[in-house]
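The values are calculated or read from the model by the stated rules, or taken from the named source; none is laboratory data. Here the structure is a predicted model, which is why all the values come from computation and not from measurement. Cβ: placed from backbone, ideal geometry, glycine included. Neighbour counts: every protein chain shown.
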Amino acid sequence: MIFKNFLNEIDSIIERDPAAGSRIGVVFLYPTFHVMFFYKIGNVFWRYNLKFFARMIMYFARFFTGIEIHPAAKIGKNFFMDHGIGIVIGETTEIGENVTIYQGVTLGGIMPSIESKSQRNQKRHPTIGDNVIIGSGAQILGAIKIGDNARIGANSVVSRDVPANVTVAGVPAREFARSKKKESFKAYGISTNVSDPREKILVNLLKKVENLEKKIKTLDNEKKNTKNKN
């Protein structure tokens, strides 16, 4: 069972990364695989209240991989961090299954340096649903929820809940698209077919203005014709 789960995790990385050539390559060359190995050990130490040793294990994991994961974080199966450098995952973060995140992503708190005592033992980091993709450089801050199958665009700043099957991007992040079904895997968290809903609103307003201008011109012409007849 353990060996099967081990292979499933490797295969899930190969499935989502076109650069992954083989299982051996993933085992020896992928920092996401290495840091998750240390995390699973550190998480066991943390749950048995051996917190110093848990933090020490993850300190060395960060040193070797450039990825910082608090040993208390809850992470589901088939979690993949592509490239990995600069990723930070806070203490009370919860991550579902088959989640993919890219380099530079922060799953953090809103005010970590203000009144830190009052924030201890409190939920202050995000909860990420299943099958979520988070693009590089995105900052997801606070005890918010990211729904299943959501997509977070690169360099977005998210501080509010994101519903399931929704794509968001921008600073602050706003909705770009919504899907009723689970989409196939698309790298970097945003589809090329996505358009800004605010752009759609502006286009519709421009069309209405054009129609009004045409009606005004028609009325002016009718008035002129009426005056000429008189």
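Observations on the model:
- Qualifying residue in the range 15-32 (condition: within 20 Å of the chain's Cα centre (by Cα), assigned to a helix (DSSP H, G or I), β-branched (V, I, T) and surrounded by 14 or more Cβ atoms within 10 Å (Cβ to Cβ)): yes
- Test for E97: is it in the same structural domain as S159 (by TED's automatic domain parsing), modelled with pLDDT of 90 or more, out of contact with any Leu (no Cβ under 7 Å at 6 or more places or on another chain) and surrounded by fewer than 17 Cβ atoms within 10 Å (Cβ to Cβ): yes
- Contact map, the range 139-157: residues that are in the same structural domain as P126 (by TED's automatic domain parsing) and in a strand (DSSP E or B) paired with residues that are surrounded by fewer than 18 Cβ atoms within 10 Å (Cβ to Cβ) and not polar (S, T, N, Q), Cβ distance under 6 Å, separation 6+ or inter-chain. Pairs shown: Q139/V157; L141/I110; K145/D161; V157/V171; V157/P172.
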